[in-house]
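The values are calculated or read from the model by the stated rules, or taken from the named source; none is laboratory data. Since this is a predicted model, take the numbers as computed values, not measurements. Cβ sites come from the backbone with ideal geometry, for glycine too, and all protein chains shown count toward neighbours. Side chains included, ligands, DNA and RNA excluded: accessible areas come from the protein's heavy atoms. Shrake-Rupley method; radii C 1.70, N 1.55, O 1.52, S 1.80 Å.
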Amino acid sequence: MKIRIDGGVVVGWSGTSHELVPDGSVLIDGDTVTSVGSDKSAAADRVIDAAGKIVCPGFVNLHVHSQLNVGDYLLPDVTKKDYLAANWFVFGAPLKEKVETPPPAAIAIGRKYALYSALRNGSTTVLDPGGGPGALEDYVAIVGQLGGRVFFSPPYRSHDIFTDGEGRHYYEEREDKGRPGLQRAVEFIKQYHGAHSGRLQGILNPAQAETCEPSLLKESAAAAKELDVPIHIHAGGNFREFLQILNIYRKPVVEYLADNGILGPRTTLGHMAITGGHSRVDYPRGDELKLLAESGATVGHCPYKCAKMAFALESFDQYLAAGVRIGLGTDTYPLDIIAEMRYASLISRLIDKNASGARPAEVFNAATIGGARALGRDDLGRLAVGAKADLVIINLRTPRYGPIRDPINALVEYGSGADVETVIVDGVVVVEHGRSARIDEAELFAQAEAGAKRAWDNWAGRDWNGRTVEQIIPPAFPTRRN
Ligand SMILES: [Zn+2]
């Protein structure tokens, strides 16, 4: 099928960078972009009118967890009174004897909701670092149904994290040392890499830097090479991890990863905000940024998630200046990659006290070509002839904005995923008029809501001190009881 998109400001590709084509036209034939310019005469099966809108390459979101229980993950804010428990440990470190796996159907709803939310908000490609169990066939079916592009395989680790009866976190080596998990991931990739016309791609997910022992990292790097797939690992995302690695290996996390062969041009480091020399870390900065830059690894920067935890990457501009590659991810709700660009820009300016820092072009690059490069894909994140037909049409002519002089500046400064009207992936319209063209959005939301309520209602059973959700996360205002 040929689709022509006419009349918008097209974010095209000059050969070296994004460039704007006013009153442009994009022609897609099957899954490929075949023309980007001003000519609107080519024959097409369907013409989409984008007048007054911008036509952007689909965004690449380097951090969308789809596997966690939807109820855990939709908690909008976690307690800051118990700071160490307030990061992902809340979700990932239950009381050991209270570990219970939600039924596959509940996990499937969580997966579907997260992947759809990211897609609806403009991420045509997501990197899913995983997070929990569930039926892998369900996963493959969901990717097929929703229509987005996903890099995934189930994560694994050699050490688990639990909470004891006093609320303390501790690491415990798994009896199987994570090897069956690695094997399962390898088998998943062998079976499903390239499924759904290539929309499902394999990536290896050794889960977190401090939960993967050196030999598991080395085996992961070798397996990724053998399978020819990228790698994602959480690293530098919290203080607990930094100290854990420092205590055990006597080096900062970047050195730990470098020494174990995990850094490389197709490796994404989820977060990588906490390094030596970070203002919150009592450890000197060494050569970490240099190591990162030389390795070609990409920092999967999730500024909103860090800001919620009262810290920041220091800073977007400083990393770029050091030659470090940066992509963007959302990690937590909202899975809104457009808002994430704004957080990346504003927070970097705050950190550097530089009002003209982290320019819109730089964060837009991170959310498009930066993410694509991390995944080893120069056919994503740009609207060029021969690229995959992944694009989004965004309406900026709403009262939310004001008159707009430069659409990219406006998008970064004011934009929201809610402004995304149309999403096309692999040449197929998957979101239209802001709604899925393939699933019943209202039904999915109702299922997610019910799943969340179930998890919240049963929260006390897994908390170390039997606390309810209301006790852990007090409501903003009290509720009147009649
Ligand atoms: Zn994560």
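Quick notes on this one:
- Scanning region 223-241 for residues that are surrounded by fewer than 21 Cβ atoms within 10 Å (Cβ to Cβ) and either of a type in the set (A, V, I, L, M) or in contact with a Gly (Cβ under 6 Å, 6 or more places away or on another chain) (or both) yields Ala223, Leu227.
- Residues satisfying the stated conditions in region 142-170, i.e. open to solvent by 40 Å² or more (accessible area, probe 1.4 Å) and at pLDDT below 95: Gly165, Glu166, Arg168, Tyr170
- Qualifying residue in region 296-303 (condition: touching a residue at least 24 places away in the same chain (Cβ under 8 Å), in contact with a helix residue (DSSP H, G or I) (Cβ under 8 Å, 6 or more places away or on another chain) and open to solvent by 40 Å² or more (accessible area, probe 1.4 Å)): no
- The lone exception for Asp379 - which of (1) part of a loop (DSSP other than H, G, I, E, B); (2) within 16 Å of the ligand (Cβ to nearest atom); (3) open to solvent by 10 Å² or more (accessible area, probe 1.4 Å) it fails: (2)
- Selected residue (criterion: nearest to the ligand (Cβ to nearest atom)) from residues of region 121-133 that are buried (at least 24 other Cβ atoms within 10 Å of the Cβ) and not in a strand (DSSP E or B): Pro129
- Whichever residue in region 144-180 is in contact with a Leu (Cβ under 9 Å, 6 or more places away or on another chain) and of a type in the set (A, V, I, L, M, F, W, C) and, among such residues, is farthest from the ligand (Cβ to nearest atom): Leu146
- The residues of region 420-434 that are under 18 Å from Arg400 (Cα atoms) and free of Cβ contacts under 8 Å to residues at least 24 places away in the same chain amount to a single one, His433.
- Selected residue (only one of Ile338, Ile393 is open to solvent by less than 10 Å² (accessible area, probe 1.4 Å) and not in a helix (DSSP H, G or I)): Ile393
- Any hit, region 276-296, residues being farther than 24 Å from Tyr170 by Cα and within 16 Å of the ligand (Cβ to nearest atom): no
- Comparison of Ala118, Ala141 shows that the only residue that is of a type in the set (A, V, I, L, M, F, W, C) and either within 16 Å of the ligand (Cβ to nearest atom) or outside any helix (DSSP H, G or I) (or both) is Ala118.
- Any hit, region 356-368, residues being under 23 Å from Tyr116 (Cβ atoms) and touching a Pro at 6+ places or on another chain (Cβ under 8 Å): yes
- Of all residues making up region 390-420, the number that are more than 19 Å from Pro22 (Cα to Cα) and in contact with an Asp or Glu (Cβ under 6 Å, 6 or more places away or on another chain): 1
- Region 10-25 - residue that is open to solvent by less than 50 Å² (accessible area, probe 1.4 Å) and in contact with a Gly (Cβ under 8 Å, 6 or more places away or on another chain) and, of those, nearest to Ala384 (Cα to Cα): Gly12
- Number of positions in region 290-307 that are among the charged types (D, E, K, R) and more than 16 Å from Ser345 (Cα to Cα): 2
- Residue match in region 396-417 (condition: in a strand (DSSP E or B) and buried (at least 22 other Cβ atoms within 10 Å of the Cβ)): no
- Any chance Ser220 is open to solvent by 50 Å² or more (accessible area, probe 1.4 Å) and under 30 Å from Arg382 (Cβ atoms): no
Residues checked against (1) buried (at least 20 other Cβ atoms within 10 Å of the Cβ); (2) more than 16 Å from the ligand (Cβ to nearest atom); (3) not in a helix (DSSP H, G or I):
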residue	(1), (2), (3)
Ile189	yes, yes, no
Leu243	no, yes, no
Leu246	no, yes, no
Leu263	yes, yes, yes
Leu269	yes, no, yes
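- For Phe316, the conditions (1) open to solvent by less than 10 Å² (accessible area, probe 1.4 Å); (2) at negative phi; (3) within 16 Å of the ligand (Cβ to nearest atom) all hold with the exception of (3).
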